[in-house]
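Notes follow once the structure below has been shown.
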Amino acid sequence: MSSREDPRELFQRFEGNPILTAKDWPYPANTVFNAGATRFNNQTLLLIRVEDLRGSSHLTVATSRDGVTGWEIKGHPALHPDDGLSSESWGIEDPRIAYLETDEKYVICYTGYSRGGPAVCLATTDSFRDFKRYGTILPPFNKDASVFPKKIGGQYVLIHRPAFSEESAYIWLAKSPDLQHWGQHGLVMETRPGFWDSQKIGMGPPPIETSEGWLILYHGVRLTAAGSIYRLGLALLDLEDPAKVIRRSQQWVFGPSTDFERAGDVDNANFPCGLVVDEQTDELYLYYGAADTCLALATAKVSELLEFVRKDGC
């Protein structure tokens, strides 16, 4: 039994938060937040959303030996919005990175934004210098997408979040033979009236494979008199059929509490897109955007997250 009875104690914030802000940037930026994360060349690599002074976003690489300090930020964007793609005309945002070992490549899902709304775009790379861009794979309104880090049943599997209306922003699943053409869409999780995730839900970082199932960290939004609050919850999906929810936490486990999380361009928003797991230590490093203004770090034990969703889930 875990000693952490209060779910808010599962994640420990890094005492030096925020780890990256616009003041650290080698070129002018309004805000830096919502980063995809992975291990690359024995370093932690972040692909960070950078909002420029026009209000348009692009993605820039930063690396660190320990994943905590000593960040080296590239002096130029890794991925610009594609000028030839109408769905990216207002910028690209919120990347999730999954490494597919069988393909020996990194798959990056990100949001392309335009007058038509948010759309799901995809690119692959093995270097984070050169990218193969697949363009828009799911049209507006859709976002919060990530591929699973391995094929399931011989197919690529994608979590995504279509929004057919303000009341139906749910988590869905799709499958593909080639990363380009997606079908077999199915509903995975809905919002829960009266709960902390009653307004809308969406995928956080890519799923984590465990012996008990795919552990996912998802964001839930509750609309209050003072505005929206973005918090984090847990769910466990079946390994062979990830459309099947085994357990889903009733309580949220991570939400805004510090000054830099509560006040910014978007108040009361903790929004994780990337994580790295150290399998030897069971440590999970969660990289999250705080108030759409800066980037912060929290850590947790994967075993404690699993124990909690077992105990609290339904």
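Could you list, ordered by first residue, the pairs with Cβ atoms under 8 Å in which the first is in segment 48-62 and over 16 Å from Val266 (Cα atoms) and the second is part of a strand (DSSP E or B) and aromatic (Phe, Trp, Tyr), at least 6 apart or interchain?
Matching pairs, first to second residue: Ile48/Phe33; Leu59/Tyr110.
Surrounded by 15 or more Cβ atoms within 10 Å (Cβ to Cβ) and under 15 Å from the mean Cα position of the chain (by Cα): does that describe Pro207?
Working: surrounded by 15 or more Cβ atoms within 10 Å (Cβ to Cβ): yes; under 15 Å from the mean Cα position of the chain (by Cα): yes.
Yes: the conditions hold for Pro207.
Taking segment 41-65, which residues are among the hydrophobic types (A, V, I, L, M, F, W, C) and buried (at least 19 other Cβ atoms within 10 Å of the Cβ)?
Leu45, Leu46, Leu47, Ile48, Val50, Leu59, Val61, Ala62
Would segment 18-29 turn up any residue that is outside any loop (DSSP other than H, G, I, E, B) and surrounded by fewer than 14 Cβ atoms within 10 Å (Cβ to Cβ)?
Scanning segment 18-29, I find at least one residue that is outside any loop (DSSP other than H, G, I, E, B) and surrounded by fewer than 14 Cβ atoms within 10 Å (Cβ to Cβ), so the answer is yes.
Which one of Pro149, Pro162 is modelled with pLDDT of 95 or more, under 16 Å from the mean Cα position of the chain (by Cα) and part of a loop (DSSP other than H, G, I, E, B)? Give the derivation first.
Details: Pro162 fails: part of a loop (DSSP other than H, G, I, E, B).
Only one candidate qualifies: Pro149.
Conditions tested, residue by residue: (1) outside any strand (DSSP E or B); (2) aromatic (Phe, Trp, Tyr); (3) touching a Phe, Trp or Tyr at 6+ places or on another chain (Cβ under 9 Å); (4) at positive phi.
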site: Leu46; (1), (2), (3), (4): no, no, yes, no
site: Gly55; (1), (2), (3), (4): yes, no, yes, yes
site: Ser87; (1), (2), (3), (4): yes, no, yes, no
site: Arg96; (1), (2), (3), (4): no, no, yes, no
site: Val107; (1), (2), (3), (4): no, no, yes, no
site: Leu122; (1), (2), (3), (4): no, no, yes, no
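All but one of (1) over 19 Å from Phe271 (Cβ atoms); (2) in a strand (DSSP E or B) hold for Asp103; which doesn't?
Only one criterion in (1) over 19 Å from Phe271 (Cβ atoms); (2) in a strand (DSSP E or B) is unmet by Asp103, namely (2).
If Glu212 satisfies every condition in (1) within 18 Å of Asn270 (Cα to Cα); (2) modelled with pLDDT of 95 or more but one, which is the exception?
(1)
Among the candidates Val68, Val32, Val107, which residue alone is crowded, with 23+ Cβ neighbours inside 10 Å, touching a strand residue (DSSP E or B) at 6+ places or on another chain (Cβ under 8 Å) and over 18 Å from Thr124 (Cβ atoms)? Write out each step before concluding.
Values: Val68 fails: crowded, with 23+ Cβ neighbours inside 10 Å; Val107 fails: over 18 Å from Thr124 (Cβ atoms).
Result: Val32 is the single residue among Val68, Val32, Val107 that is crowded, with 23+ Cβ neighbours inside 10 Å, touching a strand residue (DSSP E or B) at 6+ places or on another chain (Cβ under 8 Å) and over 18 Å from Thr124 (Cβ atoms).
What number of residues within segment 62-85 are assigned to a strand (DSSP E or B) and touching a helix residue (DSSP H, G or I) at 6+ places or on another chain (Cβ under 9 Å)?
Total satisfying the criteria: 2.
Pick out the one residue from Leu79, Leu85 that is modelled with pLDDT under 95 and under 28 Å from Pro162 (Cα atoms).
Leu85
Hey, can you tell me all the residues within segment 165-178 that are modelled with pLDDT of 95 or more and among the acidic types (Asp, Glu)?
Within segment 165-178, just Asp178 meets the criteria.
Select from segment 293-310 the residues that are hydrophobic (A, V, I, L, M, F, W, C) and in contact with a helix residue (DSSP H, G or I) (Cβ under 8 Å, 6 or more places away or on another chain) and write down the one among them that is farthest from Val32 (Cα to Cα).
Among those residues, the one meeting the criterion is Phe308.
Can you say whether Gln184 is farther than 24 Å from Val276 by Cβ and either at pLDDT below 95 or surrounded by 15 or more Cβ atoms within 10 Å (Cβ to Cβ) (or both), as far as the supplied structure shows?
So Gln184 fails the test.
The values are calculated or read from the model by the stated rules, or taken from the named source; none is laboratory data. As the structure is a computational prediction, the values presented were derived from the model and not from experiment. Glycine also receives a Cβ, built like all others from the backbone with ideal geometry; neighbour counts cover every protein chain displayed.
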